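Everything below concerns the one structure shown next.
The values are calculated or read from the model by the stated rules, or taken from the named source; none is laboratory data. Here the structure is a predicted model, which means the values were calculated and not measured. Neighbour counts are summed over all protein chains in view; Cβ atoms, including those assigned to glycine, are modelled from backbone coordinates with ideal geometry.
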């Protein structure tokens, strides 16, 4: 950029403070003239943003806006500090020359993988059963004293999607001693998977030969309901399914059909209907652990999201290659 850039931050103040630590916020201000959206509910994007600003920063609190608002003589870059860009930025934004950056995905991927590992371990070691028994009945024996869990290193683990989340999950499980790791991902290369200690297989084989399945695929037209009754029926009795990525990848009705009789167990952080309704069929099942879509939320992940945003704006201004750019060839495969 030949002149000092103008940066518009369409992020609510409380969310901005969670994402941008004081030193990082100072770094952002050092990159140009920074202006913030009004502090009133959702953060709006001005009608003339593309004529007055060089960079637009968005996040979860950004108010939706018509795509044509991005068309103008000045706006060159948009950086999304949260997860999926598709809710705010259609593919046409890229076709019109806007540089789009996904600032939150990598930071949250590790956190989502951590939660997926946590849910896996809770279910393998029956932590939920023991805790509910002690807290609810205050009975040592009824809470499962003497009940045996299963060692994680002995499990056959399958990963649906070697996304950022899937890769982190595979690496973490290897670190816990798992040696039999498979994955289904039509876009992954065999040698790349092998570098993670993962063998690529077809989806049917993965479900038939896994004691634990972690769903880590993004939600795209191609992956919608990828995991249905056929795949779930192939899981061995007592298997564990974990989904902290995207609910749309799994057919919830088919999953409930396997969970209600207690044939398999599940750890879920994402759901088709959120917030989860009080009458949800998932509630009250002893073989299910539920969390309210919090997998990507750690203090460290949020701080890294802000750091990535600032670093990418800096690289763009200096004419350096970007590390988290969304290009047309990967747009449809992103979470």
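Considering segment 55-74 alone, what residues qualify as being assigned to a loop (DSSP other than H, G, I, E, B), touching a strand residue (DSSP E or B) at 6+ places or on another chain (Cβ under 6 Å) and crowded, with 22+ Cβ neighbours inside 10 Å? Within segment 55-74, none qualify. Screening segment 288-309 for residues that are touching a strand residue (DSSP E or B) at 6+ places or on another chain (Cβ under 6 Å) and within 30 Å of residue 259 (Cβ to Cβ) and picking the one that is surrounded by the most Cβ atoms within 10 Å (Cβ to Cβ) gives 288. Residue 242 - would you say it is surrounded by 22 or more Cβ atoms within 10 Å (Cβ to Cβ), part of a strand (DSSP E or B), touching a residue at least 12 places away in the same chain (Cβ under 8 Å) and within 20 Å of the chain's Cα centre (by Cα)? Considered against the rule, which asks whether it is surrounded by 22 or more Cβ atoms within 10 Å (Cβ to Cβ), part of a strand (DSSP E or B), touching a residue at least 12 places away in the same chain (Cβ under 8 Å) and within 20 Å of the chain's Cα centre (by Cα), residue 242 comes out as yes. Between 236, 218, the distinction of being surrounded by fewer than 22 Cβ atoms within 10 Å (Cβ to Cβ) and part of a loop (DSSP other than H, G, I, E, B) belongs to 236 only.
For segment 316-331, a residue qualifies if it is touching a residue at least 60 places away in the same chain (Cβ under 8 Å) and assigned to a helix (DSSP H, G or I), and the qualifying residues are 316, 317, 328, 331. Among the residues examined, residue 113 does not qualify as buried (at least 19 other Cβ atoms within 10 Å of the Cβ), in contact with a strand residue (DSSP E or B) (Cβ under 8 Å, 6 or more places away or on another chain) and part of a helix (DSSP H, G or I).
On inspection, residue 266 passes the criterion of being touching a helix residue (DSSP H, G or I) at 6+ places or on another chain (Cβ under 8 Å), buried (at least 16 other Cβ atoms within 10 Å of the Cβ) and modelled with pLDDT of 95 or more.
Only one of these is outside any strand (DSSP E or B), closer than 23 Å to residue 293 by Cβ and at pLDDT 95 or above: 188, 170. Name it. Talk me through it step by step, then tell me what you get.
Numbers: 188 fails: closer than 23 Å to residue 293 by Cβ.
Exactly one residue qualifies, and that residue is 170.
Residues in segment 265-315 that are part of a loop (DSSP other than H, G, I, E, B) and within 15 Å of residue 122 (Cβ to Cβ): how many? Number satisfying all stated conditions: 7.
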